[in-house]
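The values are calculated or read from the model by the stated rules, or taken from the named source; none is laboratory data. Not measured: the values here are computed from a predicted model. With ideal geometry, Cβ positions are generated from the backbone for all residues, glycine too; neighbour counts draw on all protein chains shown. We work out accessible area using only protein heavy atoms, side chains counted, and drop any ligands, DNA or RNA first. Shrake-Rupley method; radii C 1.70, N 1.55, O 1.52, S 1.80 Å.
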Amino acid sequence: MNTQVSERAGFRSGLIAFLNSSLVAAVLILLVIAFSLAAPAFMSTNNVQTLLASVAVIAVLSVGQTFVIITAGIDLSQGAVVGLTGVMGAGAMGLAPGSGGIVLGIVVALITGTAVGLLNGVLTAYTRVPAFIVTLGTLSIMGGAALLVTGGEPIYMLPAAVNSFGTNSVGVFPNIILVSIVLAVMGHVLLGRTRFGRSVYAIGSNPRAAALSGLPVRRNIVTVFTLSGFLSAVGGLLLTSYVNSALPTAGQNYELDSIAAVVIGGGSLFGGQGTVWSSMLGVLLIGVLNNGTDLVGVSSYSQTIILGCVVIGAVFVDSFRKRVAV
Amino acid sequence: MSGDKNDKSKSKIGSQAFCRAGVGLGIVAAAALSGAAAQAGPQKTIEFIPSSNATPYFLREYAGVKAEAKKFGYKTAFQAPSVSVHVGKQIGMVYTAITRKVDGIILVPYSPTALLPPVKKAMAAGIPVVATDSTLTPMDAVTFTAVPNKKAAGAVANYAAKMVDGKGEYAIIDYNLSTTSGRARRDGFKEAMAKYPGMKFAGLRISHSIPQTALNEATAMLESNPKINVIFGANDRSALGVAEAVKRLHLKNKVVVVGFDADLGEINYIKSGYIKASVLQSPVTMGKTAVDVLHDIFTGKTKTPAKYLPLPFHVVTSKNYNDPKSIDAIQQYIADYKG
């Protein structure tokens with residue numbers, strides 16, 4: 001009797017602690033319940049697949065964006081890198097037949113994205129140009145490069161295996177979200193469980209203190225941006241396989257979604273705060289809101305308004321919560 | 001004491017969580033009300049999913065869809081990516097329409113291959129799909145209704161070439177090279193121009209249906225290459241920017257601007273002679289035709305509709321814009337246009 005009661009109390013206080021620590025998770029769960037009631041098809045296998053596939057690219061980008069934002073940086077070039085690596089990868093796939101071409105395409109895309117990330121990192125860490133400006137510049141450069149490489153034309157002739165990867169699922173999980181999940185788990189471990197991860201937080205909280213305590217601040221900033229570039233290239237490949245074509249402009253504005261996801265998850269643009277796990281909750285919240293409002297018949301016009309309110313609301317509540325806690 | 005404080009702040013935080021959730025629930029509840037109405041009764045629903053909401057053309061097409069659907073007692077819905085290049089979003093919208101079990105889909109596919117898997121899935125689920133304006137690859141995947149884009153662009157190319165006596169250089173400002181219509185208009189214009197040995201191709205730029213981009217691109221081309229005497233703006237947004245560029249550079253009498261489609265801004269440019277000619281489609285008829293195809297399928301009148309239903313086009317010029325035929329054509333774009 002007694003133990004049962006205390007167990008239940010334990011569960012309740014555990015739940016309360018969970019809700020307190022993650023308001024986003026709470027809102028997410030409530031939204032899922034509400035949408036399931038409003039639109040029974042919401043929880044159908046088909047719809048869960050649609051929802052997860054629609055957030056796969058943003059999820060991968062958000063992993064990289066989380067690292068960058070925790071160092072008090074920002075990566076605005078992600079969307080342009082998605083477009084550029086997509087067309088570079090798809091173009092390279094046509095150079096060799098069969099699986100050799102696919103491997104070549106993947107390698108070319110990943111090298112391109114990593115190189116752009118490295119450039120962002122080096123410029124941010126070793127010049128006095130802020131990350132915002134550096135990546136705004138590379139956003140423009142890479143967007144132009146993608147159009148230049150293709151002459152503005154999409155690349156359609158992709159190996160059949162590429163699209164079948166992008167459209168198929170394992171159970172309710174589309175292949176492309178599985179890639180995102182694996183990368184998110186790796187990112188979470190890297191950020192939360194390693195010395196490198198701890199130094200990322202330290203740099204974001206106080207770069208001078210981090211440097212004085214002997215952390216390789218510049219090198220770590222380069223690493224963080226390189227990681228974001230690499231992950232953007234993965235995003236470019238996932239998007240290409242999902243849409244069965246590579247469009248030079250396909251990634252436009254994706255960086256805004258990834259920044260929104262990190263911020264909704266509690267990441268601070270001033271650095272030092274955020275986790276990959278909570279950014280993923282932000283990604284899911286955006287996805288659930290878009291898909292759910294779609295299902296119950298809210299127009300796409302209103303959806304962007306709702307998303308904007310959620311972004312501002314999330315940061316407002318978060319800052320309010322912190323003030324109360326202090 | 002300190003424990004007490006902690007508890008207080010905790011409960012405060014908890015209540016905030018619920019406040020915030022309450023806002024979310026409010027949105028959902030409001031949405032659910034409108035959604036519930038859509039699902040009630042056997043009334044059929046047709047969803048229109050154009051490639052973007054940045055082009056007024058598709059809003060006029062939706063007006064046609066709505067008018068014809070009302071005639072048959074169908075409900076309609078409109079979903080469009082707010083950024084035209086978000087083909088991933090358009091794919092998601094088609095999948096969501098399938099999940100919502102709409103009865104028919106009218107689509108303007110942004111990419112001929114990207115939209116193929118979701119369209120196939122819709123048709124496998126018994127939801128007929130009609131492509132309008134642009135289509136899919138392979139072309140026979142769905143019923144497609146549009147103007148013959150290639151031929152129409154060729155007609156306006158001929159008009160422009162004759163105005164400059166077949167001598168000079170021409171440039172194209174296209175809205176994208178992803179949709180089949182964007183590619184067909186470029187090809188049609190170039191093929192017609194190829195018949196004039198004195199006309200040289202000076203280049204193509206993409207506006208993404210943003211007039212400001214079309215203006216910048218056209219300005220840059222005209223300034224760097226003074227030999228250009230013909231520019232083709234391949235849709236309403238593109239032609240508008242091109243005409244603006246020609247106006248600002250005071251090249252009205254030197255450069256022949258021809259376009260595709262029309263809105264109020266373009267009509268004024270046609271009247272004032274900055275745009276010499278424009279191909280007018282019939283967006284309202286396009287929407288109505290697509291609904292008619294779906295209606296025939298719903299009522300069992302036809303099981304396999306024709307694969308291609310061509311629509312008429314009309315070339316409006318700075319000379320004939322007051323003809324009854326031109327006024328009729330313009331009314332497809334501007335409902336209350338009187339001439």
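Out of B:Thr132, B:Thr113, one residue alone is within 14 Å of chain A (Cβ to nearest Cβ), of a type outside the set (Gly, Ala, Ser) and over 19 Å from B:Ser278 (Cα atoms). It is B:Thr113. The numbered conditions (1) part of a loop (DSSP other than H, G, I, E, B); (2) at the interface with another protein chain (Cβ under 8 Å from one of its Cβ atoms); (3) over 30 Å from B:Thr45 (Cα atoms) are all true for A:Leu239 except (1).
The single residue among A:Val81, A:Val55 that is hydrophobic (A, V, I, L, M, F, W, C), assigned to a helix (DSSP H, G or I) and within 14 Å of chain B (Cβ to nearest Cβ) turns out to be A:Val55.
This table checks each residue for (1) of a type outside the set (Phe, Trp, Tyr); (2) within 16 Å of the chain's Cα centre (by Cα).
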{"site": "A:Ala202", "(1), (2)": "yes, no"}
{"site": "A:Ser205", "(1), (2)": "yes, no"}
{"site": "A:Gly214", "(1), (2)": "yes, no"}
{"site": "A:Phe230", "(1), (2)": "no, yes"}
{"site": "A:Gly235", "(1), (2)": "yes, yes"}
{"site": "A:Ser245", "(1), (2)": "yes, no"}
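Looking at B:Asn158, B:Asn216, B:Asn176, just one residue is closer than 24 Å to B:Ser318 by Cβ and not hydrophobic (A, V, I, L, M, F, W, C), and that residue is B:Asn158. Restricting attention to the stretch B:198-219, does a residue exist that is more than 30 Å from A:Ala250 (Cβ to Cβ) and not small (Gly, Ala, Ser)? Yes - at least one qualifying residue is present in the stretch B:198-219. Taking the conditions (1) closer than 18 Å to B:Ile172 by Cβ; (2) open to solvent by less than 50 Å² (accessible area, probe 1.4 Å) in turn, B:Lys227 satisfies each one other than (2). Of the residues screened, B:Ala146 is one that is touching an Asp or Glu at 6+ places or on another chain (Cβ under 6 Å) and buried (at least 20 other Cβ atoms within 10 Å of the Cβ).
Do we find a residue being of a type outside the set (Ser, Thr, Tyr), open to solvent by 10 Å² or more (accessible area, probe 1.4 Å) and within 14 Å of chain A (Cβ to nearest Cβ) anywhere in the stretch B:158-178? Within the stretch B:158-178, one or more residues are of a type outside the set (Ser, Thr, Tyr), open to solvent by 10 Å² or more (accessible area, probe 1.4 Å) and within 14 Å of chain A (Cβ to nearest Cβ).
On inspection, A:Ala26 fails the criterion of being open to solvent by less than 40 Å² (accessible area, probe 1.4 Å), over 30 Å from A:Ala125 (Cβ atoms), within 14 Å of chain B (Cβ to nearest Cβ) and in contact (Cβ under 8 Å) with a residue 12 or more places away in the chain. When A:Leu118, A:Leu110, A:Leu95, A:Leu123 are screened for being assigned to a helix (DSSP H, G or I) and over 22 Å from the mean Cα position of the chain (by Cα), only A:Leu123 passes. Among the conditions (1) open to solvent by less than 10 Å² (accessible area, probe 1.4 Å); (2) among the small types (Gly, Ala, Ser); (3) within 14 Å of chain B (Cβ to nearest Cβ); (4) over 29 Å from B:Pro117 (Cα atoms), A:Gly266 misses just one, which is (1). Among the numbered conditions (1) at the interface with another protein chain (Cβ under 9 Å from one of its Cβ atoms); (2) polar (S, T, N, Q); (3) open to solvent by less than 10 Å² (accessible area, probe 1.4 Å), the only one that B:Ser52 does not meet is (1).
Within the stretch B:295-314, identify whether any single residue is surrounded by fewer than 17 Cβ atoms within 10 Å (Cβ to Cβ), touching a strand residue (DSSP E or B) at 6+ places or on another chain (Cβ under 6 Å) and in a strand (DSSP E or B), and answer yes or no. Yes; the residues of the stretch B:295-314 include at least one that is surrounded by fewer than 17 Cβ atoms within 10 Å (Cβ to Cβ), touching a strand residue (DSSP E or B) at 6+ places or on another chain (Cβ under 6 Å) and in a strand (DSSP E or B).
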